[in-house]
1. Where the Cα atoms of the chain are projected onto their three principal axes, how long is each span, largest first, in whole Å?
2. Across the Cα atoms of the stretch 68-115, what radius of gyration and what greatest pairwise Cα-Cα distance (Dmax) are found, in Å?
3. Would you work out which of 14, 101, 37 lies farthest towards the positive end of the dipole of the stretch 1-105? Charges go on Cβ: Lys and Arg +1, Asp and Glu -1.
Amino acid sequence: QVQLVESGGGLVQAGGSLRLSCAASGSIFGINPMGWYRQAPGKQRELVARIIGRSSTLYADSVKDRFTISRDNAKNTVYLQMNSLKPEDTAVYYCTITKLGRDYWGQGTQVTVSS
């Protein structure tokens, strides 16, 4: 069984920065893909960023050059550094990990960007 706990969300002004963290417990390996999704009110959940291994990354076009995903395998933790935040980044952000073909999700953390 895998559990994910996100932290680091909050309220920030446009142009500001936040760093989200997601700590995974259970039998986790560095090769397990991890990622961040987000869901804004009235919208579908969408991929924000994904990391496979230590350095293979994928980003949504809307966050490229502003967000950076990274992981610390020793701590079983994945991070999302968010810079130059915009009001349209407001959403609940969810951490996910894929293990043996199954996706596990955290409970989500709210990010609100004021204009």
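All of the numbers you see were taken from the coordinates with simple rules; none came from a lab. Just so you know, these numbers come straight off a predicted model, no measurement behind them. With ideal geometry, Cβ positions are generated from the backbone for all residues, glycine too; neighbour counts draw on all protein chains shown.
1. 41, 26, 22
2. Cα radius of gyration and Dmax of the stretch 68-115 are 13.0, 42 Å respectively.
3. Checked the options; the winner is 101.
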